[in-house]
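**Q** What follows is a structure written as structure tokens; I'll ask about it next.
Every number in this text was worked out from the coordinates using simple rules, so none of it is lab data. None of the values given here were measured: they were computed from a predicted structure. Cβ placement follows ideal geometry from the backbone for every residue including glycine, while neighbour counts extend to all protein chains displayed.
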Amino acid sequence: MSTNRMRFTDRVAIITGAGRGIGEAAARQMHAEGGTVVIADINNERGEATAKDIGGSCCSVRTDIADPESVAALHNTVEQRFGKLDIVINNASLVPYQKWEDITFDDWRKILRVDLDGVFLMCKSSSDMMRKNNYGRIVNISSNTVLLGTPNLVHYVAAKAGVYAFTRALATELGQYSITVNNICPGITDTDANWETPHHEAFDLVEGMQAIKGRAKPQYHVPSILFLASEESFWVTGSTVVTDAGHTRH
Ligand code: 4PL
């Protein structure tokens, strides 16, 4: 799934949570196509290691997307180092499997704070930078669980549904600056985050429901993410691409 095209030459991008998983896969391909990629991960060791492995202009800035000061510092760094921001991929999130009976209000708040408030804070600062150049691509990573009501994830589903609806509303507001705002709804994916809590039977259950059989690797979402991050998608905004091998057929 390689491409000879260089769609991101002279483009500056922030990808949150790109130390690993889907964000890392997107960072690698965007860099391969000429993009300047800033990895914004709360796990600084992992972010730095991935940036170093990607090489070239790729760098990492430790970021807590739920902390307004950390998000402001990230954007200041990008402004100072690169002078502009073209693309943000809001990929970072917590993926907590918990039964409804076990979820406390503190658990709920923790997930909403990172998975929804974090996307708000990032979009706020990023769109302020993009507006100056009348250009921008915001790609939010939601989840196909918002279409399914997947069990053991009610706080996560609520946050991701917030991201999904917020994406449409923000697209309406930012169209006047030629900033597009779209989202991806991946299905279950073979990532570290997904293996950190025990629910391994979920992969087999989901595979049974997919139109195309197999287990999603992070790279499988990248062509759709990078299409929405590229100039080519200028006529697409407020939209959703569901990358789940036909699990939901949405
Ligand atoms: C179908 O985004 O899309 C489990 C965990 N199952 O995080 C997800 C499905 C999970 C999903 C997801």
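**Q** How charged is the neighbourhood of Ile65? Take every other residue with its Cβ under 10 Å from the Cβ of Ile65, and add Lys/Arg as +1 and Asp/Glu as -1.
**A** Result for the local shell: -4.
**Q** Here's a follow-up. What GluC sites (Glu not before Pro) does region 148-241 have in DSSP loop regions with at most 13 other beta carbons within 10 Å?
**A** Glu196
**Q** Expected output is a single nm value to one decimal: the length gained when fully extending between Asp10 and Glu201, i.e. 0.36 nm times separation in residues minus the C-alpha distance. What is it?
**A** Extra length available between Asp10 and Glu201 comes to 64.4 nm.
**Q** Let me ask another. Given Cα pairs under 8 Å that are at least 6 residues apart, what percent is the relative contact order of the chain?
**A** With pairs under 8 Å counted, the relative contact order is 19 percent.
**Q** What's the lysine pair count for the chain at a Cα cut-off below 26 Å, pairs eight or more apart or interchain?
**A** 13
**Q** Give me the dipole magnitude in Debye, nearest 20, for the chain about the Cα centre, with unit charges on the beta carbon: positive for Lys and Arg, negative for Asp and Glu.
**A** Value, rounded to 20: 680 debye.
**Q** So, by mean Cβ neighbours within 10 angstrom, what's the order for 48-60, 137-149 with the highest one leading?
**A** Per-residue Cβ counts within 10 Å, averaged per peptide and sorted highest first, yield 137-149, 48-60.
**Q** Positive end of the dipole of the chain, charges at C-beta (+1 Lys, Arg; -1 Asp, Glu), about the Cα centre: which of Leu94, Ser233, Ser142 has its Cα farthest in that direction?
**A** Ser233
**Q** Output the relative contact order of region 39-118, whole-number percent, from Cα pairs under 8 angstrom with separation of 6+ residues.
**A** Relative contact order, region 39-118: 25 percent.
**Q** Let me ask something else about it. Once the piece of chain linking Asp106 and Ala193 is laid out straight, how much longer is it, given 0.36 nm per residue of separation minus the C-alpha distance between them?
**A** The Asp106-Ala193 span can extend by a further 29.3 nm.
**Q** May I ask you to compute the full-extension gain from Lys124 to Ser57, defined as 0.36 nm times their residue separation minus their alpha-carbon distance, rounded to one decimal in nm?
**A** 21.6 nm
**Q** Please state the charge dipole magnitude for region 141-250, taken about the Cα centre, from unit charges on C-beta atoms (+1 on K and R, -1 on D and E), reported in debye and rounded to the nearest 20.
**A** Dipole about the Cα centre, nearest 20: 240 debye.
**Q** Based on DSSP H runs of at least 4 residues, each adding -39500 (n - 2.57), what is the mean residue ellipticity at 222 nm of the chain after dividing by all its residues, to the nearest 500 deg cm²/dmol?
**A** Roughly -12500 deg cm²/dmol at 222 nm, from the helical runs in the chain.
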